[in-house]
Structures are given as structure tokens and as C-alpha cells.
1. State yes or no: is A:G90 at positive phi, touching a residue at least 12 places away in the same chain (Cβ under 8 Å) and within 14 Å of chain B (Cβ to nearest Cβ)?
2. Give the residue that is farthest from the other protein chains (Cβ to nearest Cβ), with candidates limited to residues of region A:117-154 that are of a type in the set (S, T, N, Q) and within 18 Å of A:V99 (Cβ to Cβ).
3. Conditions: (1) in contact (Cβ under 8 Å) with a residue 60 or more places away in the chain; (2) in contact with a helix residue (DSSP H, G or I) (Cβ under 9 Å, 6 or more places away or on another chain); (3) within 21 Å of A:Q16 (Cα to Cα). A:I118 meets all but one. Number of the miss?
4. Out of the residues in region B:38-55 that are among the aliphatic types (A, V, I, L, M), at pLDDT below 95 and under 17 Å from B:P79 (Cα atoms), state the one that is nearest to the chain's Cα centre (by Cα).
5. Using the structure shown, decide if B:E25 is surrounded by fewer than 16 Cβ atoms within 10 Å (Cβ to Cβ) and under 12 Å from the mean Cα position of the chain (by Cα).
6. If I filter region B:31-54 down to residues being touching a Ser or Thr at 6+ places or on another chain (Cβ under 8 Å) and without any contact (Cβ under 8 Å) to a residue 40 or more places away in the chain, which single residue comes out as surrounded by the fewest Cβ atoms within 10 Å (Cβ to Cβ)?
7. Provide a single number: the residues in region B:55-84 that are closer than 16 Å to B:E35 by Cβ and either more than 12 Å from chain A (Cβ to nearest Cβ) or loosely packed, with under 14 Cβ neighbours inside 10 Å (or both).
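The values are calculated or read from the model by the stated rules, or taken from the named source; none is laboratory data. Small disclaimer: the values here were computed from a predicted structure and weren't measured. Methodologically, a virtual Cβ is constructed for each residue, glycine included, from the backbone with ideal geometry; neighbour enumeration extends over all protein chains shown.
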Amino acid sequence: MISVQSEDFSLEQEYQKLRTEAGDAGAIVTFTGIVRKLYDGSGDTSGTAETDTLYLEHYPGMTETSLANIVSAAEKKWALLAVRVIHRVGELKPKEQIVFVGTASGHRQDAFDAAQFIMDFLKSRAPFWKKQSAGKDSHWVDARVSDAEALARWQDS
Amino acid sequence: MLTIHYFASVREAVKRSKEELELPENVANIGDLIEHLLLLHPHFEAIFQDDRKILIAVNQTVVDKSQALDPGDEIAFFPPMTGG
């Protein structure tokens, strides 16, 4: 259900696994995150360098526990029939797939909402850190205010 | 024995990924531990002076500085997370 891996993943295979596992699902939502070449860390693209490499560090053990907790929280809020989360770590290049979230439910709204919830929490509650390299320059990506805001919208629900 | 992990920008600033130390007598919580680490390693000051740059986990759960410590705890210091 949860994988933290350096290898790439196949959207088709993951989708078929969700279909099989979910039984009588009426809706499957899949989200795939892709490494961007133009990195707008502050939301401002002017003057930002192009990414050559994105390095993903994580905290083995805590990463898997955090993702499991996020999925459990989603399963309590919505009627989900299957959930799949994959996050890649190590060195990635622009256009590579970095993250996958798939949710299955009887009706579409639960699957849509749960997928968004899982992504919002994954971005700032699971111990992953991105380091962006462009030529000889490299820097750790700062946490974004918009990610904290994305999380805040679930506080009241 | 406490095990302390450092990740990402914090790991680079403190120039180590892990260390182990006996829980000192005068260290009751995370705040005390940070004071102790600053005495052991003065170069930690640059990263530990700004609370916004550091998150703390004890036994893989995020906590604040008031968290009490037990011998054998696994502690981690890292910057705000940037997954996805």
C-alpha cells in the first residue's frame, strides 16, 4: 500500500492493482507528481535556475510510519476501498515521476478528496527533503507557505 | 544511549548524520539536550539559533522542545519537510 523506493513506477500497473484490490469501486483517482525543470521555490519563476537534478532525502522508518498515519487518517474520513502511495527517493531528473497517490471509492467525491488530503499532508508531514542542483549550484528547497495553507484547509473539516 | 539523527540541511550544517551519547544527568527534555549539544559542538549554533529552521522528532514522532527524554530514545533534527 505504501512504497518508498528509488525505482520508477508504472501508472498502468498501479491503476490495475487498485482496480483489483478495490473490488466494487465506482471511482479511482490517481495523482502523479513530476519533477519540474523550472523550479519556482518561492512561487516566483523570475531568475530561477533550471534544475539538473533533484535529490530526495528521507528518514527511513519515520517516512513509512508518517505515510501510514496519513493514509489511516484519510481512511477514517472517507469510505475508501483501496489506497496506494509511492514516493521516490534519491536522484531524479526533470520530467521523471516522483510521487503517486491512488484512491478508490464507491463514488468519486471520496476518492477525489482523499487523494488531495493525502498529497497535502505528504508534502509537509512526511519526512522528505528536496535538494535542487543546477550546474555547480545546489540548495535545499525551502518549505512553501502555500503547502502550509493547503494543509490548513483540512483543519476545519 | 541516545541516538541522534540529523537530516538534509541540518545534517550538512552540523557536519554529521548521526551520533550517540549517554543521556546526561542534567538533560530532562529536548530543550536541555539542545543546550548540551551546543556546548559539545559550538558550530551547531548557526542552525539551532532559529527555531523555524528545525523540527524535532523523538522516536519518529514530531515533538516540541518540552518533550521529556528517556535513555534509549531515538532523536532526530531536520528542517521543515518538502516532499511530494
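1. For A:G90, the condition - at positive phi, touching a residue at least 12 places away in the same chain (Cβ under 8 Å) and within 14 Å of chain B (Cβ to nearest Cβ) - is met.
2. The initial filter retains those residues of region A:117-154 that are of a type in the set (S, T, N, Q), namely A:124, A:132-133, A:138, A:146.
Then keep just the ones that are within 18 Å of A:V99 (Cβ to Cβ); that gives A:124, A:132, A:146.
Working: A:S124: 5, A:Q132: 10, A:S146: 12 Å.
Among residues in region A:117-154 that are of a type in the set (S, T, N, Q) and within 18 Å of A:V99 (Cβ to Cβ), the one farthest from the other protein chains (Cβ to nearest Cβ) is A:S146.
3. Result: A:I118 passes all but (1).
4. My answer is B:I54.
5. When the stated conditions are applied, B:E25 does not pass them.
6. Keep residues of region B:31-54 that are touching a Ser or Thr at 6+ places or on another chain (Cβ under 8 Å), which gives B:31, B:47, B:53.
Add one more test, that the residue is without any contact (Cβ under 8 Å) to a residue 40 or more places away in the chain, and what stays is B:31, B:47.
Numbers: B:G31: 14, B:I47: 18.
So the residue we want is B:G31.
7. Just the residues of region B:55-84 that are closer than 16 Å to B:E35 by Cβ, to begin with: B:56, B:64-69, B:75, B:77.
From the residues that got through so far, the ones that are either more than 12 Å from chain A (Cβ to nearest Cβ) or loosely packed, with under 14 Cβ neighbours inside 10 Å (or both) too are B:64-69.
Residues flagged as closer than 16 Å to B:E35 by Cβ and either more than 12 Å from chain A (Cβ to nearest Cβ) or loosely packed, with under 14 Cβ neighbours inside 10 Å (or both) within region B:55-84 amount to 6.
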